[in-house]
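K.L.:
Structure provided below as structure tokens; questions to follow.
The values are calculated or read from the model by the stated rules, or taken from the named source; none is laboratory data. On a predicted model such as this, the values are computed, not experimentally measured, just so you know. Don't worry about glycine lacking a Cβ; one is built from the backbone with ideal geometry, like all the others, and counts go over all protein chains shown.
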Amino acid sequence: MSYTIGFISLGCAKNRVDSEIMLGQLRRAGYIFTGDINQAEVIIVNTCGFITAAKEESISAILEAARCKETGRCRYLLVAGCLAQRYGNELLQDLPEVDGVMGTGEVAEIVKVLNGIQAGERPLAVGAPGYIHQIPAPRVLTTPKHTAYLKIAEGCDNHCSYCIIPSIRGPYRSRTMDDVVSEAQWLCSDGVRELIVVAQETTRYGRDIYGRYVLAELLRKLSTIDQCYWIRLMYCYPDSFTEELIELLATSSKICRYIDLPLQHINNRLLRMMNRRGSKESIIKLVEKLRRFIPGVALRTTFIVGFPGETEQEFGELLDFMEQVKFERAGVFAYSPEEGTPAAALPGRISDDVVAERVERAMLLQQRISLAHNVGKVGQEVTVLVEGWDENEKMYWGRTEADAPEIDGRVYFTSRTVVREGEFVQVKVLDAAEYDLSGVRTE
């Protein structure tokens with residue numbers, strides 16, 4: 001018997017790809033899906049376990065799903081993903097409503113695990129996180145039809161002192177180039193126009209299986225796919241950014257002039273405490289090189305404030321760096337102590353009030369920087385990938401090559417003719433806010 005499944009996917013884009021692969025396995029096995037968990041006979045929650053806030057969100061989603069056993073049609077509840085990988089035993093012990101858990105290494109076994117639950121088992125399917133996606137595994141996209149995430153590697157070898165990901169996801173494992181290109185061709189033949197390349201560290205791609213960094217070579221192959229118009233890079237690491245990659249970004253017409261470059265901090269002492277490779281000097285040198293060789297590039301980064309022992313002077317150094325570099329996009333996050341990480345045992349814990357105040361100061365600075373960037377675009381014409389109609393604004397909206405979905409800004413625009421999702425249109429920018437632009441479509 002095939003049940004109706006409600007699927008809740010939490011966390012990052014990499015986890016989202018896992019969800020899409022599980023959905024593909026389930027669809028191939030004959031299951032049907034519903035977007036209303038109250039109508040679902042089986043609910044699967046693919047969780048995130050990266051930081052405390054993500055764990056709390058995952059637990060909340062599990063409890064909400066569990067209530068559907070009383071108020072809805074739910075018969076079985078399966079918890080998957082990062083939280084299950086970290087706390088599988090605890091979830092089964094503490095939450096009797098949960099009928100089974102499966103970790104990050106069992107993505108391809110979703111149907112088998114679900115069959116076991118239906119047979120009366122209460123599986124703990126948590127092993128070593130060694131799974132890696134391979135074609136022709138089926139996949140059901142949860143993004144708009146014109147955009148898809150392309151996961152080129154799994155796991156991480158960096159072992160940043162604050163991060164639990166290597167324990168949850170295992171060591172860095174690249175997919176073969178042929179396999180990645182084959183998936184990209186399939187995605188684009190099915191209507192995808194924007195490929196968003198993701199991994200825990202995209203710029204490390206290939207080093208484990210080819211003995212060298214080969215992201216540039218992969219991107220050149222992806223660029224030959226006729227139906228693909230934009231290729232976007234996320235999760236780049238400063239010290240694995242090669243000269244070949246910079247040259248390709250400067251010359252390719254398909255690779256977005258957009259680089260997601262999480263830095264976490266700029267103070268050398270804190271970078272060492274975080275076990276981050278590179279230094280303030282090497283980071284500044286790279287940023288200057290990217291600006292020089294890729295005119296118009298939009299740089300996105302993330303910072304952690306409130307790391308144990310961070311002084312006011314070191315935080316001020318970060319603010320000075322942000323003012324100096326003027327990143328087009330930046331997120332600032334409060335340090336979250338995670339059990340099992342070296343940083344969690346460090347002395348010098350900073351009070352929540354001080355950390356929150358530092359987050360606010362950094363984000364206010366970034367808002368001012370972002371507004372200045374956007375005001376500079378007024379009067380310019382930009383290419384926009386149409387995402388849809390915004391009923392509140394009574395305008396169409398979309399994204400430029402400088403905007404990744406969900407985390408960056410929007411471009412709102414009017415048009416005298418109907419436009420459709422997935423189209424590329426030209427928009428003249430007429431107004432700017434801190435994160436969003438607005439304008440009119442040029443005919």
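K.L.:
Check the stretch 89-97 and report whether any residue there is touching a residue at least 12 places away in the same chain (Cβ under 8 Å) and crowded, with 23+ Cβ neighbours inside 10 Å.
P.N.:
No, the stretch 89-97 contains no residue that is touching a residue at least 12 places away in the same chain (Cβ under 8 Å) and crowded, with 23+ Cβ neighbours inside 10 Å.
K.L.:
Evaluate the stretch 13-32: report whether one residue or more is more than 22 Å from Gly105 (Cα to Cα), of a type in the set (Asp, Glu), at pLDDT 90 or above and touching a Ser or Thr at 6+ places or on another chain (Cβ under 7 Å).
P.N.:
no
K.L.:
Something else about it: Scanning the stretch 288-321 for residues that are without any contact (Cβ under 8 Å) to a residue 60 or more places away in the chain and part of a strand (DSSP E or B), which turns out surrounded by the fewest Cβ atoms within 10 Å (Cβ to Cβ)?
P.N.:
Going through the qualifying residues, I end up with Thr302.
K.L.:
Determine which member of the set Gln324, Gln366 is at pLDDT 95 or above, outside any loop (DSSP other than H, G, I, E, B), polar (S, T, N, Q) and in contact with a strand residue (DSSP E or B) (Cβ under 9 Å, 6 or more places away or on another chain).
P.N.:
Within the list Gln324, Gln366, the selection yields Gln366.
K.L.:
Are any residues in the stretch 104-118 within 27 Å of the chain's Cα centre (by Cα) and free of Cβ contacts under 8 Å to residues at least 40 places away in the same chain, and if so, which ones?
P.N.:
Hits for the stretch 104-118 are Glu106, Glu109, Val113.
K.L.:
Hey, could you check the stretch 49-82 for residues that are part of a loop (DSSP other than H, G, I, E, B) and at pLDDT 90 or above and say which is nearest to the chain's Cα centre (by Cα)?
P.N.:
Checked the stretch 49-82; the qualifying residue nearest to the chain's Cα centre (by Cα) is Cys74.
K.L.:
Please tell me if Pro138 is out of contact with any Ser or Thr (no Cβ under 9 Å at 6 or more places or on another chain), outside the structural domain of Val17 (by TED's automatic domain parsing) and within 17 Å of Arg86 (Cα to Cα).
P.N.:
Judged against the criteria, Pro138 is not a match.
K.L.:
Does any residue of the stretch 338-350 turn out to be within 24 Å of the chain's Cα centre (by Cα), in a loop (DSSP other than H, G, I, E, B) and charged (D, E, K, R)?
P.N.:
yes
K.L.:
When Val45 is evaluated against the numbered criteria (1) over 22 Å from the mean Cα position of the chain (by Cα); (2) modelled with pLDDT of 90 or more, which criterion, by number, is the only one it fails?
P.N.:
Failed condition: (1).
K.L.:
What helices (runs of 4 or more DSSP H) completely inside the stretch 175-235 contain at least 2 residues that are basic (Lys, Arg), in contact with a helix residue (DSSP H, G or I) (Cβ under 9 Å, 6 or more places away or on another chain) and surrounded by fewer than 20 Cβ atoms within 10 Å (Cβ to Cβ)?
P.N.:
215-222
K.L.:
Could we say that Tyr162 is in contact (Cβ under 8 Å) with a residue 60 or more places away in the chain and either over 19 Å from the mean Cα position of the chain (by Cα) or under 20 Å from Leu263 (Cα atoms) (or both) here?
P.N.:
yes
K.L.:
For the stretch 88-145, which positions are out of contact with any helix residue (DSSP H, G or I) (no Cβ under 7 Å at 6 or more places or on another chain), in a loop (DSSP other than H, G, I, E, B) and modelled with pLDDT of 90 or more?
P.N.:
Scanning the stretch 88-145 gives Pro96, Ala119, Gly120, Glu121, Thr143, Pro144, Lys145.
K.L.:
Let me ask something additional. So which residues in the stretch 123-149 are closer than 21 Å to Phe50 by Cβ, of a type outside the set (S, T, N, Q) and under 18 Å from the mean Cα position of the chain (by Cα), if there are any at all?
P.N.:
If the condition is that a residue be closer than 21 Å to Phe50 by Cβ, of a type outside the set (S, T, N, Q) and under 18 Å from the mean Cα position of the chain (by Cα), then Ile132, His133, Tyr149 are the ones that fit.
K.L.:
Still on this structure: Name the pairs whose Cβ atoms lie under 6 Å apart, with the first residue in the stretch 326-351 and under 17 Å from Gln366 (Cβ atoms), the second crowded, with 19+ Cβ neighbours inside 10 Å and among the aromatic types (Phe, Trp, Tyr), and 6 or more positions between them or separate chains?
P.N.:
Val332/Phe303
K.L.:
Sticking with this one: Can you find a residue in the stretch 331-353 that is surrounded by 14 or more Cβ atoms within 10 Å (Cβ to Cβ) and more than 24 Å from His159 (Cα to Cα)?
P.N.:
Looking for residues that are surrounded by 14 or more Cβ atoms within 10 Å (Cβ to Cβ) and more than 24 Å from His159 (Cα to Cα), one finds none in the stretch 331-353, hence no.
K.L.:
Taking the stretch 372-387 as the search range and keeping residues that are among the aliphatic types (A, V, I, L, M) and under 13 Å from Arg410 (Cα atoms), which one is surrounded by the most Cβ atoms within 10 Å (Cβ to Cβ)?
P.N.:
Result: Val384.
K.L.:
Within the stretch 373-415, can you find the residues that are touching a residue at least 40 places away in the same chain (Cβ under 8 Å), in contact with a Lys or Arg (Cβ under 9 Å, 6 or more places away or on another chain) and of a type in the set (Val, Ile, Thr)?
P.N.:
Val382, Val384, Ile407 - these are the residues of the stretch 373-415 that are touching a residue at least 40 places away in the same chain (Cβ under 8 Å), in contact with a Lys or Arg (Cβ under 9 Å, 6 or more places away or on another chain) and of a type in the set (Val, Ile, Thr).
K.L.:
Oh, and also: Pick from the stretch 9-59 the residues that are of a type in the set (Lys, Arg), out of contact with any Gly (no Cβ under 9 Å at 6 or more places or on another chain) and within 30 Å of Gly340 (Cα to Cα): which of them is surrounded by the most Cβ atoms within 10 Å (Cβ to Cβ)?
P.N.:
Lys14
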